[in-house]
Amino acid sequence: MFEKVLEEIKLRNPIVHCITNYVTVNDCANAILAVNGSPIMADDIHEVEEITTICNALVINIGTLNERTVASMIKAGKMANHLNHPVVLDPVGAGASKLRTNTAKKLLEEINFSVIRGNISEIKALAMNMTSTQGVDANINDIVTAENLNEVISFAKKFSQETGAVIAITGATDIVANQEKTYVITNGCAMMSRITGTGCMLSAILGATTAIGQNDLLETTAYTIAMMGYCGELADQRVRNDNSGTSSFRMHLIDALSTINYYQLKAGVKIELH
(Lines give C-alpha, C1' and ligand atoms only; values in the text may rest on other atoms or scores of the structure.)
Protein backbone atom coordinates (compact mmCIF):
# COMPACT_ATOMS: atom_id res chain seq x y z
CA MET A 1 0.00 0.00 0.00
CA PHE A 2 2.60 2.62 1.02
CA GLU A 3 4.77 1.79 -2.00
CA LYS A 4 1.86 2.95 -4.18
CA VAL A 5 1.45 6.07 -2.05
CA LEU A 6 5.09 7.04 -2.66
CA GLU A 7 4.74 6.36 -6.37
CA GLU A 8 1.51 8.32 -6.76
CA ILE A 9 2.74 11.34 -4.81
CA LYS A 10 5.40 11.83 -7.49
CA LEU A 11 2.76 11.70 -10.20
CA ARG A 12 0.01 13.71 -8.53
CA ASN A 13 1.92 16.26 -6.40
CA PRO A 14 -0.94 16.70 -3.89
CA ILE A 15 -1.56 20.26 -2.77
CA VAL A 16 -1.59 20.58 1.02
CA HIS A 17 -3.27 23.57 2.68
CA CYS A 18 -1.53 24.31 5.98
CA ILE A 19 -2.80 26.61 8.70
CA THR A 20 0.24 26.11 10.81
CA ASN A 21 2.91 27.19 13.23
CA TYR A 22 4.73 30.44 12.35
CA VAL A 23 7.88 29.11 14.03
CA THR A 24 8.10 26.14 11.67
CA VAL A 25 6.14 27.20 8.59
CA ASN A 26 9.20 27.20 6.30
CA ASP A 27 10.30 23.76 7.48
CA CYS A 28 6.77 22.43 6.96
CA ALA A 29 6.68 23.79 3.41
CA ASN A 30 10.08 22.29 2.61
CA ALA A 31 9.10 18.94 4.11
CA ILE A 32 5.98 18.77 1.92
CA LEU A 33 8.07 19.65 -1.13
CA ALA A 34 10.65 17.00 -0.17
CA VAL A 35 8.04 14.24 -0.39
CA ASN A 36 6.73 15.59 -3.73
CA GLY A 37 3.74 17.47 -2.37
CA SER A 38 2.92 21.14 -2.92
CA PRO A 39 2.32 23.41 0.11
CA ILE A 40 0.00 26.39 0.46
CA MET A 41 0.25 28.35 3.71
CA ALA A 42 -2.93 30.46 3.92
CA ASP A 43 -4.73 31.45 7.12
CA ASP A 44 -6.79 34.57 6.36
CA ILE A 45 -10.47 33.93 6.93
CA HIS A 46 -11.37 35.64 3.65
CA GLU A 47 -9.55 33.06 1.53
CA VAL A 48 -9.25 29.79 3.47
CA GLU A 49 -12.40 28.24 1.99
CA GLU A 50 -11.37 29.09 -1.55
CA ILE A 51 -7.82 27.83 -0.98
CA THR A 52 -9.13 24.58 0.49
CA THR A 53 -11.20 23.93 -2.63
CA ILE A 54 -8.06 23.82 -4.81
CA CYS A 55 -6.13 21.59 -2.41
CA ASN A 56 -6.13 17.85 -1.67
CA ALA A 57 -5.65 17.90 2.12
CA LEU A 58 -5.72 20.28 5.09
CA VAL A 59 -3.31 20.40 8.05
CA ILE A 60 -4.26 22.40 11.15
CA ASN A 61 -1.47 23.11 13.65
CA ILE A 62 -2.11 25.22 16.78
CA GLY A 63 1.56 25.82 17.62
CA THR A 64 1.40 29.61 17.43
CA LEU A 65 -2.27 29.88 18.26
CA ASN A 66 -4.03 33.21 18.00
CA GLU A 67 -7.67 34.19 18.12
CA ARG A 68 -7.68 35.43 14.52
CA THR A 69 -6.89 32.06 12.98
CA VAL A 70 -9.29 29.89 15.00
CA ALA A 71 -12.25 30.92 12.86
CA SER A 72 -10.11 30.32 9.76
CA MET A 73 -9.28 26.81 10.95
CA ILE A 74 -12.95 25.99 11.47
CA LYS A 75 -14.00 27.46 8.14
CA ALA A 76 -11.29 25.60 6.22
CA GLY A 77 -11.96 22.39 8.14
CA LYS A 78 -15.66 22.40 7.32
CA MET A 79 -14.92 22.98 3.65
CA ALA A 80 -12.38 20.15 3.63
CA ASN A 81 -14.98 17.86 5.25
CA HIS A 82 -17.51 18.88 2.60
CA LEU A 83 -15.00 17.98 -0.13
CA ASN A 84 -14.03 14.72 1.62
CA HIS A 85 -10.41 15.83 1.90
CA PRO A 86 -8.29 14.36 4.70
CA VAL A 87 -7.78 16.76 7.62
CA VAL A 88 -4.84 16.43 10.03
CA LEU A 89 -4.81 18.03 13.50
CA ASP A 90 -1.57 18.79 15.34
CA PRO A 91 -2.66 20.01 18.81
CA VAL A 92 0.71 21.54 19.72
CA GLY A 93 0.90 22.39 23.41
CA ALA A 94 -2.63 21.23 24.24
CA GLY A 95 -2.77 21.10 28.02
CA ALA A 96 -0.26 23.93 28.44
CA SER A 97 -2.95 26.64 28.52
CA LYS A 98 -6.73 26.86 28.63
CA LEU A 99 -6.74 28.63 25.26
CA ARG A 100 -4.87 25.82 23.54
CA THR A 101 -6.83 23.03 25.18
CA ASN A 102 -10.23 24.63 24.67
CA THR A 103 -9.43 25.57 21.07
CA ALA A 104 -8.30 22.04 20.23
CA LYS A 105 -11.50 20.66 21.75
CA LYS A 106 -13.60 23.17 19.81
CA LEU A 107 -11.87 22.08 16.62
CA LEU A 108 -12.73 18.46 17.45
CA GLU A 109 -16.37 19.46 17.90
CA GLU A 110 -16.57 21.41 14.63
CA ILE A 111 -14.39 19.35 12.26
CA ASN A 112 -14.14 15.65 11.41
CA PHE A 113 -10.43 14.89 11.53
CA SER A 114 -8.81 12.06 9.61
CA VAL A 115 -5.64 11.98 11.75
CA ILE A 116 -4.83 13.52 15.14
CA ARG A 117 -1.07 13.56 15.73
CA GLY A 118 0.65 14.76 18.87
CA ASN A 119 2.84 13.71 21.76
CA ILE A 120 1.34 11.62 24.55
CA SER A 121 0.70 14.60 26.85
CA GLU A 122 -1.08 16.58 24.12
CA ILE A 123 -3.31 13.64 23.24
CA LYS A 124 -4.10 13.02 26.91
CA ALA A 125 -5.03 16.68 27.32
CA LEU A 126 -7.64 16.28 24.59
CA ALA A 127 -8.94 12.87 25.58
CA MET A 128 -8.73 12.95 29.37
CA ASN A 129 -8.62 16.64 30.37
CA MET A 130 -5.11 16.15 31.73
CA THR A 131 -2.71 19.12 31.80
CA SER A 132 0.72 17.54 32.04
CA THR A 133 2.47 19.08 29.04
CA GLN A 134 5.76 20.90 29.59
CA GLY A 135 5.44 23.76 27.12
CA VAL A 136 5.06 21.98 23.79
CA ASP A 137 6.92 18.86 24.97
CA ALA A 138 5.58 15.68 26.53
CA ASN A 139 5.79 15.33 30.30
CA ILE A 140 8.40 12.74 31.23
CA ASN A 141 5.81 10.99 33.40
CA ASP A 142 3.68 10.32 30.31
CA ILE A 143 6.39 8.71 28.18
CA VAL A 144 5.43 5.41 26.54
CA THR A 145 7.36 2.46 28.01
CA ALA A 146 7.24 -1.31 27.75
CA GLU A 147 5.35 -1.34 31.04
CA ASN A 148 2.54 0.98 29.97
CA LEU A 149 2.45 0.14 26.23
CA ASN A 150 -0.76 -1.90 26.36
CA GLU A 151 -2.46 0.78 28.44
CA VAL A 152 -1.52 3.49 25.93
CA ILE A 153 -2.71 1.34 23.03
CA SER A 154 -6.09 0.83 24.71
CA PHE A 155 -6.33 4.56 25.36
CA ALA A 156 -5.49 5.39 21.72
CA LYS A 157 -8.07 2.93 20.40
CA LYS A 158 -10.73 4.39 22.68
CA PHE A 159 -9.94 7.94 21.59
CA SER A 160 -10.07 6.82 17.95
CA GLN A 161 -13.52 5.38 18.56
CA GLU A 162 -14.66 8.66 20.13
CA THR A 163 -13.28 10.90 17.37
CA GLY A 164 -13.42 8.69 14.28
CA ALA A 165 -9.80 9.67 13.58
CA VAL A 166 -6.57 7.73 13.38
CA ILE A 167 -4.68 8.58 16.58
CA ALA A 168 -0.93 9.01 16.20
CA ILE A 169 1.01 9.38 19.45
CA THR A 170 4.61 10.19 18.61
CA GLY A 171 7.73 10.02 20.75
CA ALA A 172 10.59 7.58 21.27
CA THR A 173 7.96 4.89 20.68
CA ASP A 174 5.17 5.82 18.29
CA ILE A 175 1.63 4.47 18.59
CA VAL A 176 -0.71 4.68 15.57
CA ALA A 177 -4.20 3.33 16.18
CA ASN A 178 -7.73 3.19 14.93
CA GLN A 179 -10.58 1.45 16.71
CA GLU A 180 -9.41 -2.01 15.64
CA LYS A 181 -5.67 -2.10 14.94
CA THR A 182 -2.48 -0.54 16.24
CA TYR A 183 1.00 -0.07 14.79
CA VAL A 184 3.98 0.36 17.13
CA ILE A 185 7.00 2.13 15.61
CA THR A 186 10.48 2.55 17.08
CA ASN A 187 12.29 4.52 14.38
CA GLY A 188 13.85 7.90 15.14
CA CYS A 189 16.74 9.40 17.09
CA ALA A 190 17.37 11.81 19.94
CA MET A 191 18.62 14.53 17.60
CA MET A 192 15.08 14.97 16.27
CA SER A 193 14.08 16.59 19.56
CA ARG A 194 16.99 19.07 19.39
CA ILE A 195 15.67 21.09 16.47
CA THR A 196 12.36 22.90 16.17
CA GLY A 197 9.72 21.55 13.90
CA THR A 198 10.16 17.81 13.43
CA GLY A 199 6.66 17.16 14.77
CA CYS A 200 5.18 19.99 12.70
CA MET A 201 7.02 18.73 9.62
CA LEU A 202 5.62 15.24 10.21
CA SER A 203 2.06 16.54 10.45
CA ALA A 204 2.58 18.52 7.25
CA ILE A 205 3.93 15.43 5.45
CA LEU A 206 0.90 13.48 6.67
CA GLY A 207 -1.23 15.95 4.74
CA ALA A 208 0.54 14.93 1.53
CA THR A 209 0.55 11.18 2.15
CA THR A 210 -3.04 10.93 3.39
CA ALA A 211 -4.21 12.88 0.34
CA ILE A 212 -2.97 9.89 -1.68
CA GLY A 213 -3.52 7.06 0.82
CA GLN A 214 -6.96 8.06 2.05
CA ASN A 215 -8.31 4.54 1.46
CA ASP A 216 -6.10 3.13 4.24
CA LEU A 217 -5.42 5.99 6.62
CA LEU A 218 -4.06 3.75 9.38
CA GLU A 219 -1.32 2.15 7.29
CA THR A 220 -0.53 5.39 5.48
CA THR A 221 -0.16 7.25 8.77
CA ALA A 222 1.94 4.52 10.36
CA TYR A 223 4.37 4.24 7.46
CA THR A 224 4.65 8.01 7.09
CA ILE A 225 5.66 8.25 10.75
CA ALA A 226 8.11 5.36 10.33
CA MET A 227 9.56 7.08 7.25
CA MET A 228 10.08 10.32 9.14
CA GLY A 229 11.81 8.46 11.97
CA TYR A 230 14.03 6.48 9.61
CA CYS A 231 15.00 9.64 7.71
CA GLY A 232 15.94 11.09 11.09
CA GLU A 233 18.22 8.09 11.65
CA LEU A 234 19.85 8.58 8.24
CA ALA A 235 20.37 12.29 8.96
CA ASP A 236 21.81 11.51 12.37
CA GLN A 237 24.33 9.13 10.83
CA ARG A 238 25.46 11.82 8.38
CA VAL A 239 25.88 14.29 11.24
CA ARG A 240 27.96 11.78 13.22
CA ASN A 241 30.10 10.97 10.19
CA ASP A 242 30.75 14.66 9.52
CA ASN A 243 31.08 15.61 13.21
CA SER A 244 28.57 18.40 12.58
CA GLY A 245 25.60 19.70 14.53
CA THR A 246 21.92 20.49 14.71
CA SER A 247 21.70 22.85 11.73
CA SER A 248 23.29 20.20 9.53
CA PHE A 249 20.87 17.65 10.93
CA ARG A 250 17.89 19.67 9.70
CA MET A 251 19.44 19.88 6.23
CA HIS A 252 20.24 16.15 6.11
CA LEU A 253 16.74 15.29 7.35
CA ILE A 254 15.12 17.14 4.44
CA ASP A 255 17.67 15.56 2.09
CA ALA A 256 16.71 12.11 3.33
CA LEU A 257 12.99 12.83 2.94
CA SER A 258 13.56 13.96 -0.64
CA THR A 259 15.64 10.93 -1.69
CA ILE A 260 14.16 8.00 0.26
CA ASN A 261 12.62 5.22 -1.83
CA TYR A 262 10.34 2.37 -0.80
CA TYR A 263 13.06 -0.28 -0.88
CA GLN A 264 15.28 1.70 1.48
CA LEU A 265 12.28 2.39 3.66
CA LYS A 266 11.21 -1.25 3.78
CA ALA A 267 14.71 -2.24 4.92
CA GLY A 268 14.90 0.45 7.58
CA VAL A 269 11.49 0.79 9.22
CA LYS A 270 10.89 -0.71 12.65
CA ILE A 271 7.14 -1.18 12.64
CA GLU A 272 4.94 -3.88 14.11
CA LEU A 273 1.22 -4.52 13.96
CA HIS A 274 0.34 -4.96 17.61
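The values are calculated or read from the model by the stated rules, or taken from the named source; none is laboratory data. No experiment lies behind these values; they were computed from the predicted model shown. Heads up, the Cβs are rebuilt from the backbone with ideal geometry, glycines too, and the neighbour counts pull from every protein chain shown. Only protein heavy atoms, including side chains, enter the accessible area calculation; ligands, DNA and RNA are left aside. Shrake-Rupley method; radii C 1.70, N 1.55, O 1.52, S 1.80 Å.
For residue 109, the criteria (1) in contact (Cβ under 8 Å) with a residue 24 or more places away in the chain; (2) open to solvent by 60 Å² or more (accessible area, probe 1.4 Å); (3) in a helix (DSSP H, G or I) hold in every case but one, which is (1).
Only strands (runs of 3 or more DSSP E) whose full extent lies in region 157-274 are considered here, and the ones with at least 3 residues that are buried (at least 19 other Cβ atoms within 10 Å of the Cβ) are 166-169, 174-177, 182-185. The C-beta contact set for region 182-196 (first residue touching a residue at least 60 places away in the same chain (Cβ under 8 Å), second residue of a type in the set (Phe, Trp, Tyr) and open to solvent by 30 Å² or more (accessible area, probe 1.4 Å), distance under 8 angstrom, 6+ apart or interchain) comprises 187/230. The number of residues in region 128-143 that are in a loop (DSSP other than H, G, I, E, B), on the phi < 0 side of the Ramachandran plot and either open to solvent by 90 Å² or more (accessible area, probe 1.4 Å) or at pLDDT 80 or above (or both) comes to 1.
Residues checked against (1) free of Cβ contacts under 8 Å to residues at least 12 places away in the same chain; (2) over 18 Å from the mean Cα position of the chain (by Cα); (3) open to solvent by less than 10 Å² (accessible area, probe 1.4 Å):
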| position | (1), (2), (3) |
| --- | --- |
| 64 | no, no, no |
| 67 | yes, yes, no |
| 77 | no, no, yes |
| 85 | no, no, no |
| 88 | no, no, yes |
| 92 | no, no, no |
| 97 | yes, yes, no |
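Could you tell me whether region 1-11 includes any residue that is aromatic (Phe, Trp, Tyr) and over 21 Å from residue 212 (Cβ atoms)?
Checking region 1-11: not a single residue is aromatic (Phe, Trp, Tyr) and over 21 Å from residue 212 (Cβ atoms).
Scanning region 13-52 for residues that are within 22 Å of residue 256 (Cβ to Cβ) and over 18 Å from the mean Cα position of the chain (by Cα) yields one hit, 13.
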